[in-house]
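The values are calculated or read from the model by the stated rules, or taken from the named source; none is laboratory data. Note that the structure is a prediction, hence the values are computed from the model and not measured. Cβ: placed from backbone, ideal geometry, glycine included. Neighbour counts: every protein chain shown. Keep in mind that these areas ignore ligands, DNA and RNA; they rest on the heavy atoms of the full protein, side chains included. Shrake-Rupley method; radii C 1.70, N 1.55, O 1.52, S 1.80 Å.
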Amino acid sequence: MSELVIQTKDLNKKYGGRYAVRHLNLEIARGEIYGFLGPNGAGKTTTIRMLLGLIRPTMGSIRIFGQDLKKEKMNILRKVGSLVEYPSNYGHLTATQNLEAVRRILDVPKSRIDEVLDIVSLTKEAKRPVKGYSLGMKQRLGIATALLGNPELLILDEPTNGLDPEGIHEIRELIRSMPKQHGITVLVSSHLLSEVEQMAGTVGIIREGEMVFQDTISNLQQQASGGFRLVVSEPQEALHLVRGHGYAGQLENGGLSLEQLSDPEVALLVKRLVDNNHAIYRVEEKRRTLEDIFMQVIEQGGFQ
Amino acid sequence: MGGYFKVLSSERLKMSRSFIVLLLLVSPAVAILIGLLSNVSQTAMPWTHLLLTMSMMHAMLFMPIMSGIFAAFICRYEHSGGGWKQLLVLPVSRTGVYFAKYTVVAVMLAITQLLLAGAVFLVGYIKGFHAPIEWEVMLRSLLGGWIACLPLAALQLAVSMMWSSFAAPLALNVTFTIPNILVANSSTYGPFYPWAQPLLATLPGSEMDGGGFGALNLPFENLMITVVGSFIVFFTFGWIYFRMKEV
């Protein structure tokens, strides 16, 4: 496995008697886009706030760039850009002034302000006070701020929250370009799988503060296969025959719904049915959408 | 120290486009009005009397209240726009941020004092004073008044950081400031009431003319013990709180 940019070990955060985050082991490799998924209130933002040193973990350790966050906080934060929950800005200042307020602390050259404004296409609006901005523009300014310090790691908490489809598309393309064009590792959280699956290579799914799934998106997609469906001329008799061969199945909308089988098993079953004079109209794989799997993972806390 | 000067520079930019500059002018403007309406020109020490007249309201009400307004103001844009998060994910220490914010409040108060000094000179000039300016009295009053405000500023900064509301810290501030009208005259409670210290430290007191009344008879040094004591308590409280604060 390549170098880990973020690694948490048994991370816990307790509020009162309730765990907001529990036994969380997050692993994010360099150069990847990591989708951090979970319903609202699952502990995503709490985790991100811990990663950024805004709150202290109750227990557990955080290593970023291989360094301990507690000891090397300043060095780590210098290389991290972030957007937490909703974009932060000073309404009475223009976009340029907002970036300048941050630039003075980051100590990067002034030309960087124009560069990041250009990346998020805000150059034209840069001289207006931010309080007149739309949510999408504020969000883009937030991302520009996050990019200002040439970060190696970008942490974006729900960056497309509240945006219209066009805005979502823009931000998604922007995030997707980060690892390729700038070599930046990205952690992006969302409560919508559909949003993350188009850009993330790896996903972590969190539910009630606990990580219930962490793997590549293609492995998640493999879980999506959910058996197959046969549409035949005489479903009743066909079902009888199938059960006679020891396979589980049931009638469903005039077809047969069967469990997942290997390719030779499917071929054999079809042959048997044909031999018994069943006309086979269709053999379909039942693919569950990632959204279904996501819901299943969230509701049950993992795969069965 | 954790990016103190960088934060300070950033703070200056954030302040620059706000209307806080107008607030600086309120108290000196009121003082000018009071000064012009007063009748002090024919006394033996016209400058001292003019200062006394003009700084009464200023030191009793405006300075303590301004400490609260400045503190609340520099926390307001952080609370309202989610600025704390943005600021604290940058490579700066909490201590650096806290000290920088406090410095801004202290500097604003110092500017207010300088403006008041300017106001006194202006009124004196308009009234055509011929007596030489009593620099020592002026300096002692204005510097003392400023120092006496520092603990109040520390407390106000702490509560402004704690409460995201703009009004709550100000309400607290005014609640403690209004009793000044009574407390400052009490020789029993006056010396120990932090909010009364700016007035007590500003008014040219016993050392100058052997007169004065109530708590004003107390030596300067004693006031400083209350001031320094409350400063240490309030400042440390705010500092520790901010270091622990969950953002």
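So that you can scan it fast, the table gives a plain yes or no per residue for (1) at the interface with chain B (Cβ under 7 Å from one of its Cβ atoms); (2) over 15 Å from the mean Cα position of the chain (by Cα):
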{"residue": "A:Phe36", "(1), (2)": "no, no"}
{"residue": "A:Lys79", "(1), (2)": "no, yes"}
{"residue": "A:Ser82", "(1), (2)": "yes, yes"}
{"residue": "A:Pro87", "(1), (2)": "no, yes"}
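Taking A:Thr160 as meeting all but one of (1) polar (S, T, N, Q); (2) more than 13 Å from chain B (Cβ to nearest Cβ); (3) in a helix (DSSP H, G or I), write down the number of the exception.
Checking A:Thr160 against (1) polar (S, T, N, Q); (2) more than 13 Å from chain B (Cβ to nearest Cβ); (3) in a helix (DSSP H, G or I), the one that fails is (3).
Within the stretch A:195-218, which residues are within 27 Å of A:Tyr19 (Cβ to Cβ) and without any contact (Cβ under 8 Å) to a residue 24 or more places away in the chain?
If the condition is that a residue be within 27 Å of A:Tyr19 (Cβ to Cβ) and without any contact (Cβ under 8 Å) to a residue 24 or more places away in the chain, then A:Asp215 is the only one that fits.
Name the pairs: first residue in the stretch B:76-99 and at the interface with chain A (Cβ under 7 Å from one of its Cβ atoms), second residue of a type in the set (S, T, N, Q) and buried (at least 21 other Cβ atoms within 10 Å of the Cβ), Cβ to Cβ under 6 Å, at least 6 apart or on different chains?
B:Gly81/A:Ser88; B:Gly81/A:Asn89; B:Gly82/A:Ser88; B:Gly83/A:Ser88; B:Lys85/A:Ser88; B:Gln86/A:Ser88; B:Val89/A:Ser82
Does A:Leu93 fit the bill of being within 11 Å of chain B (Cβ to nearest Cβ), open to solvent by 10 Å² or more (accessible area, probe 1.4 Å) and either out of contact with any Cys (no Cβ under 8 Å at 6 or more places or on another chain) or of a type outside the set (D, E, K, R) (or both)?
No.
Residues in the stretch B:164-181 that are outside any helix (DSSP H, G or I) and polar (S, T, N, Q): how many?
Total meeting the criteria: 2.
Let's see how each residue does on (1) within 23 Å of A:Ile206 (Cα to Cα); (2) modelled with pLDDT of 95 or more; (3) more than 10 Å from chain B (Cβ to nearest Cβ):
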site	(1), (2), (3)
A:Lys14	yes, no, yes
A:Gly43	yes, no, yes
A:Leu54	yes, no, no
A:Gly60	yes, no, yes
A:Lys71	no, no, yes
A:Asp118	no, no, yes
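Here is a check on your reading of the model: is A:Met74 in contact (Cβ under 8 Å) with a residue 12 or more places away in the chain, hydrophobic (A, V, I, L, M, F, W, C) and either surrounded by fewer than 19 Cβ atoms within 10 Å (Cβ to Cβ) or not assigned by TED's automatic domain parsing to the domain that holds A:Ile206 (or both)? Steps first, answer last, please.
Numbers: in contact (Cβ under 8 Å) with a residue 12 or more places away in the chain: no; hydrophobic (A, V, I, L, M, F, W, C): yes; either surrounded by fewer than 19 Cβ atoms within 10 Å (Cβ to Cβ) or not assigned by TED's automatic domain parsing to the domain that holds A:Ile206 (or both): yes.
In short, no.
Applying the selection to the stretch A:162-191, what residues are open to solvent by 60 Å² or more (accessible area, probe 1.4 Å) and within 20 Å of A:Val80 (Cβ to Cβ)?
Listed by number, the residues that qualify are A:Arg176, A:Lys180, A:Gln181, A:His182.
Which of the residues spanning the stretch A:26-71 are more than 26 Å from A:Glu299 (Cβ to Cβ) and of a type in the set (Phe, Trp, Tyr)?
A:Phe65
Which one is least open to solvent (accessible area, probe 1.4 Å), of the residues in the stretch B:100-139 that are of a type in the set (A, V, I, L, M) and not in a helix (DSSP H, G or I)?
B:Ala131
Can you name every one of the helices (runs of 4 or more DSSP H) wholly within the stretch A:192-304 that holds 3 or more residues which are surrounded by fewer than 18 Cβ atoms within 10 Å (Cβ to Cβ)?
Filter on the stretch A:192-304 gives A:217-222, A:235-244, A:263-275, A:290-300.
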